[in-house]
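Peer 1: First the structure, which I've put down as structure tokens, then a few questions once you've had a look.
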């Protein structure tokens, strides 16, 4: 387990210590409570150069470095040149551009640096190859925006379609009850909200005159 809290990990690393049990209940359940202790990697107490030399993959080391340093904009930018070799190792790996774009997405979301300034610092420290990851990130953000827009459009279209169906049904009921509708009544139907249409539909059966449907 890894923690990158600015205050450091303060809780116990023993599972049983994390349970809020009364002494009596803890004693009764003791045979059934796992007693394992998880290994904690507290990044608060790690130096960046330690992370750089960890025995793990390049993308994991770079991700840990970003988790530790990105919130400190100035410190992150100052340390970037020392991580150029790890960055190029990530970019050269299988699916490296996509992995780097994912890391840059995290950087983009967490850092307080404006994107143009962030990009300038990264291009200076990491070289022009960083541009490819920024382009990939930009394409991903555009695609995400397109999908969200389509999703909203579909939901809006469904709502409008349902409301149009309610309007047509109500108009048919009114015409069956009161005959052809005057222009003023048709205008009220066209302008009515979904809630209005539901309220008017409940009045159709009891109203003796068309005007009573639209009262209030």
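Peer 1: Can you pull out every residue in the stretch 199-213 that is outside any loop (DSSP other than H, G, I, E, B) and closer than 12 Å to residue 171 by Cα? Lay out the reasoning, then the answer.
Peer 2: The initial filter retains those residues of the stretch 199-213 that are outside any loop (DSSP other than H, G, I, E, B), namely 199-203, 210-213.
Correct list: 200, 201, 210, 213.
Peer 1: What number of residues in the stretch 180-198 are surrounded by 11 or more Cβ atoms within 10 Å (Cβ to Cβ) and in a loop (DSSP other than H, G, I, E, B)?
Peer 2: Number satisfying all stated conditions: 3.
Peer 1: Check every one of the helices (runs of 4 or more DSSP H) wholly within the stretch 43-138 and list those with 3 or more residues that are in contact with a helix residue (DSSP H, G or I) (Cβ under 6 Å, 6 or more places away or on another chain), surrounded by 17 or more Cβ atoms within 10 Å (Cβ to Cβ) and touching a residue at least 24 places away in the same chain (Cβ under 8 Å). Give the derivation first.
Peer 2: Values: elements: 48-52, 58-69, 73-79, 84-92, 96-110, 115-126.
Helices (runs of 4 or more DSSP H) meeting the threshold: 58-69, 73-79, 84-92, 96-110, 115-126.
Peer 1: Going through 117, 139, 112, 129 one at a time, which residue ends up being under 24 Å from residue 86 (Cα atoms) and at pLDDT 80 or above? Break it down stepwise before answering.
Peer 2: On the way: 139 fails: at pLDDT 80 or above; 112 fails: at pLDDT 80 or above; 129 fails: at pLDDT 80 or above.
Going through 117, 139, 112, 129 in turn, just one is under 24 Å from residue 86 (Cα atoms) and at pLDDT 80 or above: 117.
Peer 1: Taking the criterion of being part of a helix (DSSP H, G or I), modelled with pLDDT under 65, closer than 30 Å to residue 116 by Cβ and not assigned by TED's automatic domain parsing to the domain that holds residue 99, would at least one residue in the stretch 159-179 satisfy it? Step through it out loud before you land on a result.
Peer 2: Looking only at the stretch 159-179, we keep the residues that are part of a helix (DSSP H, G or I), and these are 159-178.
Filter again for modelled with pLDDT under 65, leaving 159-161.
Right, trim to closer than 30 Å to residue 116 by Cβ and you get none.
So far as the stretch 159-179 goes, no, none of its residues is part of a helix (DSSP H, G or I), modelled with pLDDT under 65, closer than 30 Å to residue 116 by Cβ and not assigned by TED's automatic domain parsing to the domain that holds residue 99.
The values are calculated or read from the model by the stated rules, or taken from the named source; none is laboratory data. These numbers come from a predicted model, not from an experiment. Neighbour counts are summed over all protein chains in view; Cβ atoms, including those assigned to glycine, are modelled from backbone coordinates with ideal geometry.
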